[in-house]
Every structure is written in structure tokens, then in C-alpha cells.
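Report on one structure; see the data block that follows.
The values are calculated or read from the model by the stated rules, or taken from the named source; none is laboratory data. Every value quoted in this text rests on a predicted model; they were computed, and no experiment measured them. Neighbour counts are summed over all protein chains in view; Cβ atoms, including those assigned to glycine, are modelled from backbone coordinates with ideal geometry.
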Amino acid sequence: MSDPLVLVSTAGAVRTLTLNRPAQLNSFTGGLHAELLAALEAAASDAAVRAVVLTGAGRGFCAGQDLSDPAVAPDPTPGAAPKDLGEVVTRFYRPLCLRLRSMPVPVVAAVNGVAAGAGASVALACDLVVAGRSASFIQAFSKIGLVPDSGGTWLLPRLVGRARALGLALLGDKLPAEEAQQMGLIWRCVDDAELAGAAQALAARLAAMPVQALATIRGALDAAALMDWPSALAHEAELQRTLGFAHDYREGVQAFGEKRAPVFTDR
Ligand code: T3D
């Protein structure tokens with residue numbers, strides 16, 4: 001039997017998903033897409049899971065699309081029809097990015113090495129990105145004549161502003177993790193030896209929080225980016241109405257009054 005392309009482990013309420021094609025720097029194939037999406041679906045529907053960590057096996061996080069995959073690699077045969085990359089992106093990357101950004105629990109990317117092309121976009125689509133000091137982010141698309149995908153065009157300018165987004169996307173240079181933190185592309189850069197522990201600790205901390213509210217906060221920020229001021233205010237009121245009826249709000253306020261740690265259960 002072949003090795004799983006995504007390793008799945010659980011510690012407490014934290015589910016860890018490890019991309020497992022280390023010899024190819026965990027680049028995406030149809031098989032990896034299928035296993036990752038299934039693992040995310042399973043985490044989303046398991047009430048015991050309250051946070052997810054996404055990381056990579058070996059020395060890389062994810063080098064984006066596997067460029068040797070026959071589904072995308074240009075056929076050198078004279079007259080061969082070009083591959084429809086729009087179809088690949090729509091079929092594989094779109095559902096993955098939509099799923100990541102609609103998870104009912106927070107997702108932490110533990111970027112253990114290079115994150116290139118769609119690998120960088122997938123990391124940046126997670127809620128909090130922690131990277132090891134030797135990790136890097138590469139907008140590799142322009143170097144092979146493509147445009148940032150998997151949400152890259154949406155995420156980059158929102159994270160770092162248009163000037164830096166264009167610099168990264170046009171030049172495709174390797175951005176070290178420390179600089180990525182300095183420019184606000186990621187949440188934290190930590191020493192390599194501390195990465196796994198830091199990501200797990202962060203995820204465990206999030207898992208103990210009111211995760212329904214955390215997922216709602218993510219959605220609210222995404223939605224507000226497309227709204228005018230009055231609409232955002234109205235949307236906040238709607239969300240507050242929903243969360244105000246939920247158990248976790250009652251529990252949070254009650255625990256505060258009783259000077260005890262809250263026990264959040266909504267999801
Ligand atoms: O095409 C579509 O479907 C549209 C969707 C596109 C989404 C995208 O992600 S487009 C961008 C695709 N990714 C890239 O262009 C990155 C290509 N990789 C690199 O530029 C470099 O590998 C890295 C900068 C990421 C790392 O460099 P380095 O020197 O640390 O490692 P390496 O030696 O280049 O790679 C190690 C191995 O991984 C090597 O295999 P080998 O020679 O040891 O057998 C290399 O071929 C393999 N590898 C790395 N990236 C990919 C890959 N194999 C297939 N696809 C890859 N993307």
C-alpha cells in the first residue's frame with residue numbers, strides 16, 4: 001500500500017494535517033488535493049476537533065502545483081493541445097481554498113520550509129501563519145508565466161498592500177520568513193526547532209477559545225473587505241445577534257463574573 005499523501009494526527013482538540021510528498025517538497029497532485037480536502041472535511045465534521053494545524057513533511061511546506069503532473073505539464077509533442085489550467089484551478093484549488101476559509105475552527109499554518117506558488121497561497125489562506133526561521137515564501141507563478149492563484153491576488157494586497165504585493169508577485173523572489181513577519185504577511189517567525197511546539201501551543205490555545213466566534217471573526221473580516229462602512233456595521237450587528245444567542249457568550253460572561261476559566265463548547 002502506498003504512503004498516505006496527508007498524515008493525520010490528533011492531540012487533544014488539535015488535528016494536525018501533514019502534507020506528505022517530501023521528495024517533491026509536498027507539491028500538489030490530484031491525489032494530494034483529494035486527501036487534503038477529505039482530511040479538512042473530516043476535521044470540519046468532527047465535533048471533537050477545535051483547531052487544525054497544517055504543515056509539511058521534510059524540508060518543505062509546499063512547492064505549489066507539481067509541475068511534472070501530466071494534468072498540467074505542457075505536452076512537448078508538436079501540435080499537442082495545451083492543458084486547460086483554468087480547469088485544474090477550478091477543479092482542485094478552488095474547493096481547497098473555499099474549504100480552508102470556511103472551516104468551523106481556526107487553522108494554523110506551520111510553515112516548516114519553502115512555500116512556493118499555490119503552496120504559499122494555501123499557507124496564507126490559513127488563519128494564523130507561523131513559520132520557521134529557515135522557511136521562505138515565493139510567488140513562483142510569474143517565473144513560469146502564470147498569475148498568483150489559490151487566492152493569491154486577493155490575499156497578497158490585503159495582507160501587505162499593493163506595492164509590496166506587486167513586488168512579490170512580479171519578481172517572484174524568495175522572501176525569508178523573518179521579512180515576511182516584518183511586512184505583515186505572516187503572524188510569527190520562530191526558530192526552526194520551536195516551530196512544531198509553537199504551532200501546537202497556538203492551536204491548543206485557540207481550541208480552548210470560543211471557536212464559533214473565531215470562525216465568525218474570520219468570515220467577518222473577509223466579508224468586510226468587500227463592504228462599505230454602513231454595510232459592515234450592519235453585518236457586525238447581525239453576527240453579534242447570532243453569537244449573543246449562543247451558549248459560549250453566556251458561558252464567557254458567567255465565567256468572567258465567577259472569576260473562573262470558561263468552558264466553551266459551541267462549534
Ligand atoms: O499549473 C497549474 O495547474 C496551475 C496552478 C498553478 C499553481 C502553482 O503552484 S504554479 C507554481 C508551481 N511551483 C513552482 O513553480 C515552484 C517550483 N519549485 C522551485 O522553484 C524550487 O523547487 C523551490 C524554490 C520551491 C525549492 O528549491 P530547492 O533548491 O530548495 O529544491 P529543488 O532541488 O528545486 O527541489 C527539490 C525536489 O523537489 C526536486 O526534485 P529532484 O530533482 O530532487 O528529484 C524538484 O524537482 C522537486 N520539486 C520542487 N518543486 C516542485 C517539484 N517537483 C514538481 N513540482 C514542483 N512544483
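Tabulated data
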{"read-out": "Considering residues of region 28-78 that are assigned to a loop (DSSP other than H, G, I, E, B) and acidic (Asp, Glu) only, the residue surrounded by the most Cβ atoms within 10 Å (Cβ to Cβ)", "value": "66"}
{"read-out": "Residue that is surrounded by the most Cβ atoms within 10 Å (Cβ to Cβ) [pool: residues in region 1-27 that are in a loop (DSSP other than H, G, I, E, B) and of a type outside the set (Gly, Ala, Ser)]", "value": "26"}
{"read-out": "Region 154-193, residues that are free of Cβ contacts under 8 Å to residues at least 12 places away in the same chain and assigned to a helix (DSSP H, G or I)", "value": "154, 157, 162, 163, 165, 166, 167, 179, 182, 193"}
{"read-out": "Some residue of region 226-238 being assigned by TED's automatic domain parsing to the domain that holds residue 17, of a type in the set (Gly, Ala, Ser) and at pLDDT 95 or above", "value": "no"}
{"read-out": "Top-ranked residue of region 68-84 - restricted to ones that are of a type in the set (D, E, K, R) and either out of contact with any Gly (no Cβ under 9 Å at 6 or more places or on another chain) or without any contact (Cβ under 8 Å) to a residue 40 or more places away in the chain (or both), ranked as nearest to the ligand (Cβ to nearest atom)", "value": "83"}
{"read-out": "From 149, 192, 248, residue being under 30 Å from residue 8 (Cα atoms), among the acidic types (Asp, Glu), crowded, with 16+ Cβ neighbours inside 10 Å and in the same structural domain as residue 95 (by TED's automatic domain parsing)", "value": "149"}
{"read-out": "Matching residues, region 27-67, being of a type in the set (Gly, Ala, Ser) and away from the ligand (no atom under 16 Å from the Cβ)", "value": "38, 39, 42, 43, 44, 45, 47, 48, 51"}
{"read-out": "Which numbered condition residue 146 misses (of (1) under 20 Å from residue 38 (Cα atoms); (2) in contact with a helix residue (DSSP H, G or I) (Cβ under 9 Å, 6 or more places away or on another chain))", "value": "(1)"}
{"read-out": "Top-ranked residue in region 119-138 [being assigned to a helix (DSSP H, G or I) and out of contact with any helix residue (DSSP H, G or I) (no Cβ under 6 Å at 6 or more places or on another chain); ranked as farthest from the ligand (Cβ to nearest atom)]", "value": "123"}
{"read-out": "Residue selected from region 99-118 under the condition crowded, with 23+ Cβ neighbours inside 10 Å and more than 16 Å from the ligand (Cβ to nearest atom), by the criterion nearest to residue 55 (Cα to Cα)", "value": "110"}
{"read-out": "Selection count where residues are within 19 Å of residue 173 (Cβ to Cβ), more than 8 Å from the ligand (Cβ to nearest atom) and in a loop (DSSP other than H, G, I, E, B), scope region 139-151", "value": "4"}
{"read-out": "Cβ-Cβ under 8 Å pairs, at least 6 apart or on other chains, region 46-67 side outside the structural domain of residue 127 (by TED's automatic domain parsing) and at pLDDT 95 or above, far side among the basic types (Lys, Arg) and within 7 Å of the ligand (Cβ to nearest atom)", "value": "none"}
{"read-out": "Selection within region 208-244 - of a type in the set (Gly, Ala, Ser), within 27 Å of residue 137 (Cα to Cα) and over 16 Å from the mean Cα position of the chain (by Cα)", "value": "220, 223, 224, 225"}
